[in-house]
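Note sheet for the following structure.
The values are calculated or read from the model by the stated rules, or taken from the named source; none is laboratory data. A quick note: this is a predicted structure, and the numbers were derived from the prediction, not measured. All Cβ positions, glycine included, derive from the backbone under ideal geometry; neighbour counts span all protein chains shown. Protein only, heavy atoms only, side chains kept; ligands, DNA and RNA dropped before computing areas. Shrake-Rupley method; radii C 1.70, N 1.55, O 1.52, S 1.80 Å.
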Amino acid sequence: MLAEPTLSCSPPHQVPFANAGEVLWNIASMSSHFGVLAATPEPPYYAVIFSSLRKRGDASEYAAAAQQMEDLAALQPGYLGMESLRDAKGCGITVSYWESLEAIAGWKRHADHLLVQRLGRERWYERYRVRISKVERAYTFSSVDAALEPLQSK
């Protein structure tokens with residue numbers, strides 16, 4: 001059995017934020033959720049994790065299609081939210097959250113999504129990997145909330 005190619009934008013030992021000059025987040029190619037974490041309900045729910053490595057090419061066409069898919073996904077039954085980042089080298093990760101496996105399957109079968117998936121394979125992606133996980137537990141930290149704790153205890 002042949003080993004599957006590794007989807008890696010940097011060596012496994014390298015922390016992406018270790019050298020800010022080496023990894024610059026390309027805000028123009030990120031989703032509108034940059035800096036915003038999806039507000040998800042209490043678990044359980046599902047996460048679709050889409051890790052990708054982009055080909056070099058027209059970023060504006062890709063960005064327009066990505067925004068269109070984000071907007072369309074938000075209209076689908078069972079959609080809960082999305083978080084997405086892409087670095088300057090083309091390595092990206094998008095996590096979308098869904099109420100059920102049926103909702104995920106419905107999104108995967110959506111005609112416009114099928115078209116953009118095909119375009120992605122033909123034009124935009126060198127490789128990608130999709131993982132679907134059930135979220136059993138979730139917790140949050142916010143430095144803003146932590147800073148307000150001393151004021152709230154008075």
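Tabulated data for the structure shown
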| item | result |
| --- | --- |
| Test: residue in segment 87-96 that is more than 15 Å from the chain's Cα centre (by Cα) and not charged (D, E, K, R) | yes |
| Selected residue (only one of Leu85, Leu101, Leu114 is at negative phi and out of contact with any Phe, Trp or Tyr (no Cβ under 7 Å at 6 or more places or on another chain)) | Leu114 |
| Inter-residue pairs, beta-carbon under 6 Å, first touching a residue at least 60 places away in the same chain (Cβ under 8 Å) and in segment 47-72, second assigned to a loop (DSSP other than H, G, I, E, B), 6+ apart | Ser51/Leu7; Leu53/Gly90; Arg54/Gly90 |
| Residue in segment 78-99 that is most open to solvent (accessible area, probe 1.4 Å), counting only those that are outside any strand (DSSP E or B) and out of contact with any helix residue (DSSP H, G or I) (no Cβ under 8 Å at 6 or more places or on another chain) | Glu99 |
| Residue pairs meeting the criteria (Cβ under 8 Å; at least 6 apart or on separate chains; first among the acidic types (Asp, Glu), in segment 136-154; second at pLDDT 65 or above) | Glu136/Pro43; Glu136/Pro44 |
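Okay, residues lined up against (1) open to solvent by less than 50 Å² (accessible area, probe 1.4 Å); (2) small (Gly, Ala, Ser); (3) at pLDDT below 85:
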residue	(1), (2), (3)
Leu101	no, no, no
Ile104	yes, no, no
Leu115	no, no, no
Arg123	no, no, no
Tyr128	no, no, no
Glu136	no, no, no
Phe141	no, no, no
Gln152	no, no, yes
